Amino acid sequence: MPVIETSGLTKKYGEFLALDRLNLKVDEGEVLGLLGPNGAGKTTTLLMLTTLLKPTAGTARVNGFDIIKEPGKVRQSIGIVFQDPSSDDILTGYENLKLHGMLYSMPPALRERRIGEVLELVELSDRKDSRVRQYSGGMRRRLELARGLMHHPRILFLDEPTLGLDPQSREYIWGYIHNLARQEKVTVIITSHYMEEVDRLCTRLAIIDEGAVVALDTPANLKRVIGGDVVSLRLRRNRDGMFSHLDFVRKAETKGGMTYLTVVNASERLPEILRAAGMDAVSVEVHSPTLNDVFFHYTGKEIREGSGEGSWGERSITYSGKR
Amino acid sequence: MNGLRGELNGILAIWYRELKVFQREKSRIVASIASPVLWLVIFGGGLGSSVSIEGMSYQTFIFPGILAQSVLFSSIFFGVYIVWDRKIDFLKEVLVAPITRSSMFMGKVVGGATDSMIQSCVLLAIGAGMEKAGMLPGLHIGIGGMAWMLLILLLTAISMVSIGLIIGSYMESPEGFQLISSFLLFPLFFLSGALFPIGRLPAWLAPLTIIDPLTYSVDGLRNVILGSSQFHLAHDIGIIGTVSVLLIFAGTAAFERMKL
């Protein structure tokens, strides 16, 4: 039985269609990534599934509960880590977790045990009595990850879990997510616009663009769709049909001054490609298909990485110390 | 939802957090005590040098009013914290928790009322001390009237915290909150008779004091602390009690429609 099932889930902001009739099933134990550029509808989907936003049309069942009719039951059964820090920075890490346990009606003994466990998991046990104000962006995110897990949710929602974090903190967070998906047996839904993130963590991936799912499969299968390696060429001049006589070139596209060819066994074909390009070739690069290529294949766009609005680090600096 | 127990836990959780915040904001506690004392000493002392009312010193006369004022200001101001919660995104954590909006509102009310009550108790102690030192002759702060005083202060705090939270639930910025709340604070304060007796007001002013709920808090406190009042104690408490119940309903409704 799917733990999440959406039927025609739609959200409009005025005339703007943020999410268009989403039908999606997620099975227990999956790590599903929602991949798309800013404004594609990822966060909107997440907010509706977590009952914070009412759909314009359609509905969804989360852990068997209807998000419109039984929002309280949905909320009890899920955990969420928001894109922006939502812990109270005047409290300590421990106090934030205690507060969370109280909000979710955890019995005191269980609550204290769980606080110890989740702090251990994100390696914050020794900093639990420091105020969150003194945490770094990465530590704060780890704390919120621990908090999202604390009440044993069956589904954990992560909204851009590493947005604005430095590469080292990002590695940490990925490690934790990877472990918890196995250890705690929770279904994880991750929204992201980092290709590497979803590639490493997700068992299945939904590519979302302009409010609709354009592709849904495992990362490996999605890459297989590309049907070969990608050769990117910088050419002095781009002549029409330059590579059309090469039958091993499955696809040729030009974008932003670059020409992209899809080729099986590209490294062996490279001499022939260069011969075809002749004196016009400035540079050439061969790589195995990435999710970036997949995304480009389905949407005709590139995802601009690291351009998240209101990044984590900035926000915590702006608001700390004020109140 | 976990039924009633879950909701009570939710209220406790929010209360716990508000107490922690109050405890950490030392400057807020100091300011909330210092400002009424300044009113009493400087305003009361200054005007008192040429004015006495109903045979008692002006400072003694305004003590109950200043007590009510301190509850009014700190309680309404408490509403700004819901604006902050939204701004620092902590509100999301509470909104996504499995508690109803009414519990969320009640948790906030209990938290804000606790802050105001702690502050009131300190002011009552200061008042009693000043009376002992002969500075506020005629002031009765004894065990006898204590229960009534605390009841009046509590109902006043509940009402005013509710007003503050209702304003806060509509506001996007702390600045906006400040602006709107000061529009409300000063009429509530000046019309309550905190600084003058309301017995002999001109005909145009009297009706305005009657519709100000704080009038009944001041009158009730004056009844217990000074032994002189305009209305019956039961009348005062009945009105403040009713107002606080109505405002709790209004506040719950305001939180119900509050967006992220």
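Readers should treat all values here as calculations from the given coordinates under stated rules, not as data from a laboratory. Source: prediction; values computed, not measured. Counting neighbours? That spans all protein chains shown, and the Cβs are built from the backbone with ideal geometry, glycine included.
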Checking segment A:24-101 for trypsin sites (Lys or Arg not before Pro) in a loop per DSSP with at most 12 other beta-carbon atoms within 10 Å yields A:K69
Counting only other chains, what is the mean number of Cβ atoms within 10 angstrom of the Cβ of each residue in peptide A:91-97?
2
Just how large is the dipole of segment B:2-257 about the Cα centre, in debye to the nearest 20, putting +1 at every Lys and Arg Cβ and -1 at every Asp and Glu Cβ?
360 debye
Roughly how many Å is it from the Cα centre of segment A:131-149 to that of segment A:73-91, as a whole number?
11 Å
Three principal axis extents, largest first, for the C-alpha atoms of the protein assembly as shown, in Å?
110, 50, 45
Consider just the alpha-carbon atoms of segment A:12-157 and return their Rg together with their Dmax, both in angstrom.
16.7, 50
Using a simple spin-label model with points 7 Å from Cα along the Cα→Cβ vector, what separation in nm is obtained for B:I211 and B:A133?
4.2 nm
For chain A, the longest principal axis of the Cα atoms and the Cα long axis of helix A:266-277 enclose an angle in degrees, to the nearest 10, of 50 degrees
Rounded to the nearest 20 debye, what is the charge dipole size of chain A about its Cα centre when +1 sits on each Lys and Arg Cβ and -1 on each Asp and Glu Cβ?
580 debye
Greater than 29 Å apart at Cα, pairs in A:K255/B:K92; A:K12/A:K185; A:K69/B:K20; A:K128/A:K185; A:K69/A:K128
A:K255/B:K92; A:K12/A:K185; A:K69/B:K20; A:K69/A:K128
Under the rule of at least 5 residues apart or a separate chain, name every residue whose amide H is placed under 5 Å from the amide H of A:V31.
A:V188, A:T203, A:R204
If you look at just the Cα atoms of segment B:1-91, how large are its Rg and its Dmax in Å?
19.1, 62
Signed unit charges on C-beta, dipole axis of the protein assembly as shown, positive-most listed residue B:L247, A:G33, B:A128
B:A128
Expressed in nanometres to one decimal, the distance between label points 7 Å along Cα→Cβ at B:L246 and A:E210 is 5.4 nm
Starting from the 7 Å offset along Cα-to-Cβ, what nm value, one decimal, do you get for the label separation of B:S50 and A:D27?
8.8 nm
List the GluC sites (Glu not before Pro) within segment B:47-132 that DSSP assigns to loop and that have no more than 14 neighbouring Cβ atoms inside 10 Å.
B:E54
FRET efficiency estimate (nearest 0.05) - Cβ-Cβ, A:R250 to B:E175, R0 60 angstrom:
0.50
Where a ≥ b ≥ c are root eigenvalues of the Cα gyration tensor, a/c under 1.5 meaning rounded, otherwise prolate if a/b exceeds b/c and oblate otherwise, chain B counts as prolate
Charge dipole of segment B:99-249 built from unit charges on the beta carbon (Lys, Arg +1; Asp, Glu -1), centred at mean Cα; most positive-end Cα among B:L165, B:A113, B:I99 is B:A113
Go through segment A:103-198 and name the trypsin sites (Lys or Arg not before Pro) that are in a DSSP coil and have 13 or fewer other Cβ atoms within 10 Å of their Cβ.
A:K185
Taking 0.36 nm per residue of separation between A:Y298 and A:R113 and subtracting their Cα-Cα distance, the length gained on full extension comes to 61.9 nm
Rounded to two decimals, what is the ratio between the C-alpha radius of gyration of chain A and 2.2 N^0.38 Å?
1.14
Taking the Cα atoms only, what angle lies between the long axis of helix A:108-121 and the longest principal axis of chain A, rounded to 10 degrees?
30 degrees
So how strong a dipole does segment A:133-215 carry about its Cα centre when Lys and Arg Cβ are +1 and Asp and Glu Cβ are -1, to the nearest 20 debye?
520 debye
Mean Kyte hydropathy of 0.0 or more with a Cα span along the axis of at least 27 Å, helices from DSSP in chain B
B:58-78, B:101-132, B:143-170, B:233-256
For B:78-91, what's the mean count of beta carbons from other chains sitting within 10 Å of each residue's beta carbon?
3
